[in-house]
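Some notes on the structure that comes next.
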Amino acid sequence: MLQYIGRRLLVAIPTLFLVITAAFFMMRAAPGSPFDMDRKLSPEIEANVLAQFGMNKPLGEQYVDYLAGVVRGDLGPSLKYRDKTVLDIVKENYPVSLRLGFFAIAIASVVGVSLGVMAALRQNKLTDNVVMTVAILGVCIPTFVTAPLLVLGIASKLGWLPTAGWNDGALANMVLPIVVLSLPQIAIISRLTRAGMIEVLHSNYVRTARAKGLPEAVIVWKHALRAAILPLVSYLGPACAGLITGSLVVEKIFNLPGLGKFFVISALQRDYTVVMGMVIFYAGLILVLNLVADLLYAVLDPRVRLA
Amino acid sequence: MRSIFAFMYRFFCRQPGQTILALAATLLLTQGCAPSKPQANDCPAGKVCIRAGNGVEVLSLDPQKVSGVGDHRVLLDSMVGLTMASARDEVVPGAAERWETSADGLTWTFYLRPALWSDGVPVTADDFVFSLRRILKPETAAEYASLLYPLLGAQAVNEGKAAPETLGVRAVSPRVLEIRLEHPAPYLLQLAKHQTMYPVPKHVVEKYGNAWSKPEHYVSNGPYTIVSWKLGDRIKAVKNPRYWDADKVCVDQISYYPTTDNITAERQVRRGELDMNADIQSNRIALLRDKMPGYVRTHTYLGVSYLTYNNNVVALRDVRVRRALSMAIDREFVTNKLMRGGQQPAFSFVPPGVANYEPAKLPEWASWSFAKRQAEARRLLAEAGYGPGRPLKIEIKHRNSADPSLIMPAIQADWKEIGVEARLAQNEPQIAYAAYRSRDFEVADAAWVADYNDPMSFLYLMNSTTGAQNYGDYNSPAFDALLKKADNEPDAKVRARYLAEAEQVMMNDAIVAPVFFYVNKNLVSPRVTGWVANLGDIHPTQYLCLKGADKAPGV
Amino acid sequence: MILASARAETITKAQAVQGRSLWEDAWRRLMRNKAAVTGMVTLAVLVLAAIVGPWLSPFTYDQVNKSDVWLPPLANGHLMGSDALGRDLLTRLLIGLRVSLAIGFVATFVSLVIGVAWGAVAGYVGGKLDEVMMRFVDVLYSLPFIFFVILLMVTFGSNIILIFVAIGAVEWLTMSRIVRGQTLTLKHKEFVEAARASGLNRGAIIARHIVPNLLGPVVVYVTLTIPAVILAESFLSFLGLGVQPPMASLGALIAGGASDMELAPWLLIFPSIVMVTTLMSFNFIGDGLRDAIDPKDR
């Protein structure tokens, strides 16, 4: 097991290297520079600015410098936010994104699995059809439509929740963003659960369990569900990617101090170092989550052996 | 059939990890369903706190490293220059109690009031000398340093051709500062309240270097001092008890939020989550006036939106073409139907209301009907050799921000009506400006907001020596000569006349097509008192108060 | 994009189709599925409207009508109203639908070509090559792809071709996994053995015998990928990185409508309805196809 984890982490290093290299050169190939503004910089000042950030060197040398920095754990200063380093920004802002993502996936799992099981137990009946139609709707309505509608209805008109802002992580401020983030995930998870559940309910060992006279509830919740949610575990990785995508939108609409918002802004402002920092952070996060998902899979499914 | 919740319960009890998740989820959901009140956001009991939407994220708290209006709004509360802004944005004494000018207008002497930095160290003339040298030193790489070029020797210092000590600024005594100029500049007092002339605390900068502007080291000489800054969330500043006028300051704590989305911010103000926001999406102003009476505050602003022609493009060297294109823009449609926020159609370059100025005469056609203008434009184009058989084809490069994206298609349609085939090419603002500076455009959409209240802040853009920012490469000896005469003229009235003549020259050459003059648009809760709409859109928190607070507002 | 793995999971279960009669069976089952038929009819109408509609309209999508600013539906000849520049919403919606569908189809096609080629070669050749090729896919899977799509847009400026390529390049991964799995099972089927025995070379076997028999799961995957692609484009448009105005896409129209929803609700409502209808049609068809091709669940 430990050996497996070690090997996976070793594989992660070239992957990260690839990510860093691709992102570095793509960012530099983009037209414009972080120091372009509507105001001109005198050539002398511009040269000084470039020298200050080591950007007067040839690109190859900058790349090597950057890699060396990453190895030392130094992601460099932000080119736009002059008082902050990239690490400052990641440290200050990742808890927000992570907290939202964690709650969203937790709620999506609970609600999605319940709905999926409900639908599977009443296959092709009204409940099933309703749940599946809602699930398809959940996938088809983009978050940037649900978010403003919910804000307008629940926050502005009814006044139940704050409309936006982080407010030092107050629970009330998190509810709407989490709901918006989790809706598409609920839809997907309920569909996955239903499909898995239906297959398992027709399998031999469930039939055996029934024959043994076990109560239906035990069969469903203990035996069947455990096998049926396996696909869910392998969905964890993509779910995380989906949440990141969603958080770019949600953090923008709800004006939350998360990392996602900075990625888009920084890419547009050509804040090279911040963009790189975000890419490294998220690539690392996804690598770790994939590993966790695989380990979890092995723990839940005795047939899988890690090698 | 047992209820599904019973099943769920049993399932989760066997999975302790997931029980926690379930509990957290339930907690979250139940908490969320209770109607919530807008939160006071860590406002200590009995204190007056204001939450302000600042529009953008601040880039730095070091006044010498920033250039945006959003940065200025925050720094304005912490730092005080030699002069400062009143609630109406007039120049009033700041760190200097009074000042004198020599007869030739070249030497200014400022007498500082006794004052302390927020850490108790006295503010001295030496701090100002240190600050001005620091911002001009090439190593500081201050983007805005060129604003200080009227100071004697500033440009040479900034370009690394002279030592910082050669700058014409010196401390005559700890409380007397002498500033010498290259040429008379009646706007020096305006400049003295701008962030580029703010003092920075010499003793702190020498101790921490560039890290001095981190909140934990921050020291200010103004009414507030910054205590925390979480990027993307907020900057928090509290009242500085050592500020000389602290007795008159009502608001104890101010939080600035980076409200990048105007509509989100608008909803927050409406629900009382914010007390004010520094911008409004223009076309919603009428709606908001109706839905939120008393909140919308607009005022003319020192800004102009214009199209600039690239003089390196052969077709645009013809003044008839430039004039025809300018005439054919339906500015009233832009202001009344697209912007809808009280913006005024622009037929000149320098906005109305600017200080030290006698507005230039508008072009004759400004008063014509639109149909007549179109007819004349068609005639001019035909005269220049364009017509149905040989249409003028031109590309408009524009920023992809909200306003230009709305306006440019309308202008494209206007030009189509006089037979001009215009193509639109949009870029992110930063990229667009880079293209303008390298002259990679035919017609470009640009905008300018004054740094200080003086016509020179607009007109210098078209000076042939301005370089990169003179996007169209306008080169008129007559225009340049008038600006030079104005610079060397100590009499404000005569100077104003020269400047107006210069504007006249550039408008006759139709070197730009002004589109509209800006308005500043603020959303301010009626419970905030002491807030006055003004030309510069400058609203220091020290003059504000909240209704019902048992303190008198500052003014 | 979020759908990718969910789709992969359900689709790999669909078995390869072995004969003509099976296709006929599948077709009959599909026709009995009311949701799928509704989806197909709706989609046919939408596609037809997107192709023909803009020609029939008296307006063009970028035509500014100064006297028609923000007209509600039905006013002054604008069936669905007009936007801030007086442009006809219906015309823009039809063009937007056309653009979104085109992006959906083309990007899916790109992913199809790369995915099928990659997966079939890996699966058929097997051994070390398979190992390397699939490990490469695993590595790409673990990249924060949305970031790369955004970076691509920023680097090269957003144009439609790039959107096709960028999204297609993301979606082929799942496709290659499915195809590889199917190829592995097909590889040892009698007809492939026969072809091999008759001396056909590898390339010919892959092209003539393997690829055609992958059709079932691939068709299902394709119908479910198209809506995911359309959604991905709309997301880029919301961030301002999708198609550039005055060109429209469903996502761009919705994003624009959302910011003016109190002033001109029709600008949000109509594009949203069209978008949801389109995506649901694809999903119903995809689900129907899966059930029809793999009757196990029924």
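Quick look at the numbers
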| item | result |
| --- | --- |
| Region B:417-470: GluC sites (Glu not before Pro) falling in loop per DSSP and having at most 13 other Cβ within 10 Å | none |
| Which of C:91, C:277 has the fewest Cβ neighbours within 10 Å, and the rest in rising order | C:277, C:91 |
| At least 27 Å along the helix axis (C-alpha) and Kyte average at least 1.6, DSSP helices within chain A | A:272-300 |
| Fraction of beta bridges assigned by DSSP in the protein assembly as shown that are antiparallel (%, nearest 5) | 75 percent |
| Equivalent ellipsoid, chain B (semi-axes from 5 times Cα gyration tensor eigenvalues, Å) | 43, 37, 21 |
| Average beta-carbon neighbours from other chains, 10 Å sphere, peptide C:65-75 | 2 |
| Number of partner chain Cβ atoms within 10 Å, mean per residue of C:214-221 | 0 |
| Dipole magnitude of chain C, debye to nearest 20 (Cβ charges: Lys/Arg +1, Asp/Glu -1, about Cα centre) | 980 debye |
| C-alpha center-to-center spacing [region B:224-302, region A:85-148] in angstrom | 34 Å |
| At most 16 other Cβ within 10 Å, DSSP loop - trypsin sites (Lys or Arg not before Pro), region A:232-307 | A:303, A:305 |
| Exposure proxy order (Cβ contacts within 10 Å, fewest to most) of B:464, B:305 | B:464, B:305 |
| Charge-dipole axis of the protein assembly as shown as Lys and Arg at +1 and Asp and Glu at -1 on Cβ define it, positive-most pick from B:342, B:460, C:136 | C:136 |
| Region B:300-519, Rg to Rh (Cα coordinates; Rh as Kirkwood inverse mean 1/r) | 0.95 |
| Rg(Cα)/(2.2 N^0.38 Å) for region A:1-68, N = residue count | 1.62 |
| Per-residue [θ]222 nm for the protein assembly as shown (sum of -39500 (n - 2.57) over DSSP H runs n ≥ 4, rounded to 500) | -16500 deg cm²/dmol |
| Cα-based radius of gyration of region B:120-270 once divided by 2.2 N^0.38 Å, which approximates compact folds | 1.21 |
| Fluctuation leader among C:223, C:42, C:278 - chain C, Gaussian network, Cα springs under 10 angstrom | C:42 |
| With eigenvalues of the C-alpha gyration tensor scaled by 5 and rooted, the protein assembly as shown, Å | 57, 35, 29 |
| When the convex hull of its Cα atoms is projected in every direction, mean area for chain A (nm²) | 20.7 nm² |
| Rounded to the nearest 20 debye, dipole of region B:459-504 from Cβ charges on Lys, Arg, Asp, Glu | 120 debye |
| Qualifying lysines (Cα of each under 27 Å from Cα of residue A:212; at least 8 residues distant if same chain) | A:222, C:296 |
| Neighbour-count order for B:330, B:104, fewest beta carbons within 10 angstrom listed first | B:104, B:330 |
| DSSP beta bridge pairing in region B:300-519, given as percent antiparallel to the nearest 5 | 60 percent |
| Helical segments meeting 24 Å axial Cα length and Kyte-Doolittle 0.5 threshold in chain C (DSSP H) | C:34-56, C:89-125, C:160-187, C:215-238, C:266-293 |
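A short reminder: the numbers here are calculations on the coordinates, not readings from a lab. Predicted model, so just to flag it, every value in this text is computed and none were measured. Positions of Cβ are backbone-derived with ideal geometry, glycine not excepted, and every protein chain shown enters the neighbour counts.
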